[in-house]
Structure formats: structure tokens, C-alpha cells
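Peer 1: One structure coming up, written as C-alpha cells, with questions to follow.
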Amino acid sequence: MIARPTKSASLYVQMVGRVLRPWQGKRDALVLDVMGASTRHKLATLADLTDLTERELTVDDGESLAAAALDDDPDALPGPRAVAVDWQDISLFDDSAVRWLRTSGGTWFIPAGDILYFLLPAEEPGSYRIRRSTPAEGVRAPSPDPEYPLEFAMQWAELYAQRAARQLAVRGAGWRQRPPSVKQLNYCRFKRIPVPPGATAGQVSDLQAVHQASARLDGYARAA
């Protein structure tokens, strides 16, 4: 979990690199960036590592970028066909003006006060359903309950959240730049949520929201 802001690209790479180090039997890693450092910095991409930016790459129909890169230069990555790339483009979440956060279990959600709007993977790969969660009613589905591609699912969830509590749902709200309140800090201390020095009210609110949403949503998402 990245819970401290940084303007240093090398420090960001160092922090993320700790969980990305290969180890026997290790297949994947989950990085939770609750401070938004990933919106400022980036890691090396497949194109960076294989120097694909300086030449054209032919990708056949149905072929992944990783497979095409290995066909183009078998020495570019260690062990031809030994490395599988499984990734999700999260730039849509990072670039949104709405306050998308992610639970410890990987569920994307928008906090709107006590209401949480979140995305639930649907049966069709790459499609999602929208869910609404409140402490009193639990998780409820809309009616009708269609499957949407990611971009459309995000747009509908953002619309619902902004109608419910716009000032709490958007990243650019003025209150987010203020110092955290005593109530916020006491809550984090009671729940043992680490608060980095210099964190703003918005950043502390994100930490609280991730903590609460993880408890409310992750069990439901696993069972769904």
C-alpha cells in the first residue's frame, strides 16, 4: 500500500518495486495507491522494456502485445513465452474527476457519504454491473440491471454518486485541500489507519473510505 505522497519518481519506483520483486511461486502483486502517486509517476511499460517505441511491431489478430513482442525479439524478455502479462488499464479511474478509490480486495468504488457506488464484474469479460451500498440497506442492484463496458459503467456510477453527494464524490472539492479535522485523525487512530505526515483532509478521507469500503464490499464481491 502506498500511503505517502511523493514527487520523487525514483522513490515511487522503489516503493512499488518492493512488491514486484520476483519470488518462487509468486504469480501476481497488488499495489494499492491511496495517495494518488500513480497519477504523477509511472513504471516502465512493456514498450519501454522492449524498445518498441523506436520501431513498428506487427500484432496478428488475436495475439497479445506480450506475445508479439516475444515473436519480434525473443531476447527482449527472459525465457520466450515464459512471461505472461495480465494487466488492467486503470487510467480511466486515475483520469476521472470523480473520486474513484479501490478496496483492499480490488473493488473500485465511489464514496458519497454513507453511500458507496461500486463496480461488480459481470459474466461477460470486460463488462460490469453497478451496485449501491448503504449501512442500513446493504448492497442493492438497480432495476433494470444491465451489464456495461467499463467506461459506461463508470459514467453511470459517477452520475449516481454526484447526484447523491457531489461535494464528497469529486476530487476537486475545496475541502479536500484543508488540514484533516480532529475527528478524522481520532477515527484513524482508533481504527489504526496510518496517516502520513502532511496529509490533507481529502487524503485522510480517502484512507477512511478505503478502510470502510473494504469491510463492506470485499466479502460481497468475493461471493458474487
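The values are calculated or read from the model by the stated rules, or taken from the named source; none is laboratory data. Just so we're clear, the structure is a prediction, and the values are computed from it rather than from any experiment. Neighbour counts run over all protein chains shown; Cβ positions are idealised from the backbone, glycine included. SASA here: full protein model, heavy atoms, side chains in, ligands and nucleic acids out. Shrake-Rupley method; radii C 1.70, N 1.55, O 1.52, S 1.80 Å.
Peer 1: What are the residues whose amide H is under 5 Å from the amide H of residue 112, where those residues sit 5 or more places off or on another chain and H is modelled from the backbone?
Peer 2: Close amide H contacts, sequence-distant or interchain: 117.
Peer 1: Further question: For 61, 33, give the ranking by accessible area with the largest first, probe 1.4 Å. Walk me through the numbers on the way to the answer.
Peer 2: Working: 61 160, 33 45 Å².
If we order 61, 33 from most to least accessible, we get 61, 33.
Peer 1: Take the alpha-carbon centre of region 175-224, take the same for region 94-124, and report the distance between them in whole Å.
Peer 2: After rounding, the separation between the Cα centres reads 15 Å.
Peer 1: Could you order peptides 201-207, 19-25, 136-142 by the average number of other Cβ atoms within 10 Å of their residues, highest first?
Peer 2: Highest to lowest by the protection proxy: 201-207, 136-142, 19-25.
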